[in-house]
Amino acid sequence: MIQAKQATWKRWLGVVAMATMAVGCGSGEIELGGDAVLLAEGSADVHHGDLMYVMNQEELASRLVDGYVEFRPEHAFAGVLLHIAASSIDRFEVSYEKVTGGWSEWSPVEGQTPESETIEGTLSIQEMASGLRVRFGDATGAVDFVRAEFLPEIGPENGAEFDDEWDESLGDADLDEGVAEMALRRGGRYVPSGAANSASRSQYVAYEGAPAWRRSNCGGSLLSGTRRLGDYLKANFPGARSYGGYSCRPNTANTSKMSVHGTGRAIDVFVPLDRGQADNDLGDPIANWLIENQEAIGVTFIVWDRSSWGASRSGDGHRSYGGPHPHHDHLHIEISAAAARQQTPWYSGGGSSPPDTAVSCYSRTLGKSVAAGECVQMSYDSCGGGTCNWAQCSDQGSWTCTDVSACTGTNHGHSACAATPTPDPEPQPEPEPQPPVADKASCTSRTLGRTVDHGACVQMNYNSCGGAGTCQWAACDDGAWMCVPKTSCGGDTFGHADCAPRPKASCYSRTLGRSVEDGGNVQMSYTSCGGTCRWATCDDGDWDCTSDISSGTNYNHRSCN
């Protein structure tokens, strides 16, 4: 079993290489071995990947072959962004076809978000592939929607980067790069309607960024108001096929801050493409409605179809957006902290929505929602430490791993976890005091195939940090990989064997009848180097005539004494 782990995130000026189970901008990483290949031949001008969909259960059933659905994109790929919406699923399996031929072994992918309708994980394929197979086993009938984005590049060490947000301290300059180039490929960015522009000029919502980047600052899941807004959009707009987006990571526009995705106040709403282009008939009404109701809801920022819109901006509020992903098949939406707590007017019946309902959480184990305070026991591996752990529905409408003794409401035990009487354990001695553990997250390195501590540096034999070819260094910075010079590494350093200096070659001496080490000096009795008894120095496998024998070992010839 391959377990999903927390992913690292940072700004990347190319495209992403990851696979996210259930939520588009998700977290967690799974590695499938092999040396990394950064770029598919002929794909240097691809700003985003090939997109493919399975729209509903009927289409999935029609495409199943031997229990799996197969995707075959136009370009070779090194990673996949995979979004799966399902009412009841805790794992799936993947296999990919190598461009060199043959399919990889099936690799199980297990989500780590307890009980939610959506589960998150990251998959980085570290060799070029041409096809992908996905199978869901007994959970096939629960899958409602699949979005697969096939990508040609991977990033340093973890390969999970996605540029989809804004930082008010940096302004709009970084968001406008590359718009003209992408416009040549897909014409017509989103422009808000007249009613939406009028609302932008007459309404105002202050932008709320996220705190400083520390993994401990993350919220743990989508907050109740964010989830309620996603449910409403999915239920009332036919273009909103699915949504998700919680991810504990740095802000891609300013890595010193946490991503708004990590606060639980940002979602990605997926709108499938129409013949390769953004379906504005389906996506624009969602964006327009959000802008028109910005104050009532608490909407602060939107990215959709190569446009960004901010409620705190002057005028109409929309600008061209030129990040690595054009956001032509999903809307990135950020809301205020009050909205995420369901404290703005829209959640109590103000604006164009029904009054708020009681806080609840959907349980995929039970196949229904439960009220805040209730606990569910899970038969699958979640919350760490094996199966049969407990999760509680919080007052914010999100699942929290807990001990059953802390549950205050109804407890829903699982039949597979029924207790078996066991003898009382033998008393154990008190554990020895342990030194405090640094409150900094570790990072998973695909080069080493294991986790390293905060501050450690890893040298990569592939070109990931750009500009200087291979053998660059990446440092683990509280769970995130950062490209750095080796001189900045303050912790453990792990050099790559491919990057070590090559030992200098020896030279064969016919005078001595054997090889001489690099730097050795041999005196020759025959005419060479301009006369007899001259000297030659071994220079990395080649002989050079010399008169300077002050360094290295000297091999005198007896006839020259």
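What the table below lists for this structure:
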read-out: Residue among Ser256, Ser202 that is free of Cβ contacts under 8 Å to residues at least 12 places away in the same chain and out of contact with any Gly (no Cβ under 9 Å at 6 or more places or on another chain); value: Ser202
read-out: Counted residues, the range 54-94 - those being assigned to a strand (DSSP E or B) and either touching a residue at least 40 places away in the same chain (Cβ under 8 Å) or closer than 10 Å to Ala148 by Cβ (or both); value: 19
read-out: Filter result for Ala474 (touching a Cys at 6+ places or on another chain (Cβ under 7 Å), touching a residue at least 60 places away in the same chain (Cβ under 8 Å) and either aliphatic (A, V, I, L, M) or part of a helix (DSSP H, G or I) (or both)); value: yes
read-out: Among the candidates Tyr204, Tyr246, residue that is among the aromatic types (Phe, Trp, Tyr), in a loop (DSSP other than H, G, I, E, B) and over 17 Å from the mean Cα position of the chain (by Cα); value: Tyr204
read-out: Residue match in the range 311-324 (condition: under 30 Å from Phe150 (Cβ atoms) and aliphatic (A, V, I, L, M)); value: no
read-out: Of the criteria (1) loosely packed, with under 13 Cβ neighbours inside 10 Å; (2) within 33 Å of the chain's Cα centre (by Cα); (3) modelled with pLDDT under 80, which one Ser360 fails; value: (1)
read-out: Residue, surrounded by the most Cβ atoms within 10 Å (Cβ to Cβ), within the range 420-467, restricted to residues that are hydrophobic (A, V, I, L, M, F, W, C), at pLDDT 75 or above and under 20 Å from Trp213 (Cα atoms); value: Cys443
read-out: Test result for Cys489, touching a residue at least 60 places away in the same chain (Cβ under 8 Å) and not acidic (Asp, Glu); value: no
read-out: Residues that are modelled with pLDDT under 85 and touching a Ser or Thr at 6+ places or on another chain (Cβ under 9 Å), drawn from the range 211-221; value: Trp213, Asn217, Cys218, Gly219, Gly220, Ser221
read-out: Counted residues, the range 468-496 - those being charged (D, E, K, R), over 22 Å from Trp213 (Cα atoms) and buried (at least 16 other Cβ atoms within 10 Å of the Cβ); value: 0
read-out: Residue check for Cys401: at pLDDT 80 or above, outside the structural domain of Phe494 (by TED's automatic domain parsing) and under 30 Å from Leu229 (Cα atoms); value: no
read-out: Count - residues of the range 270-289 that are within 14 Å of Leu233 (Cβ to Cβ) and out of contact with any helix residue (DSSP H, G or I) (no Cβ under 7 Å at 6 or more places or on another chain); value: 7
read-out: Positions within the range 364-378 being modelled with pLDDT of 80 or more and polar (S, T, N, Q), in sequence order; value: Thr365, Gln377
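The values are calculated or read from the model by the stated rules, or taken from the named source; none is laboratory data. None of the values given here were measured: they were computed from a predicted structure. Here the Cβ is made from the backbone with ideal geometry for all residues, glycine too, and neighbour counts use every protein chain on show.
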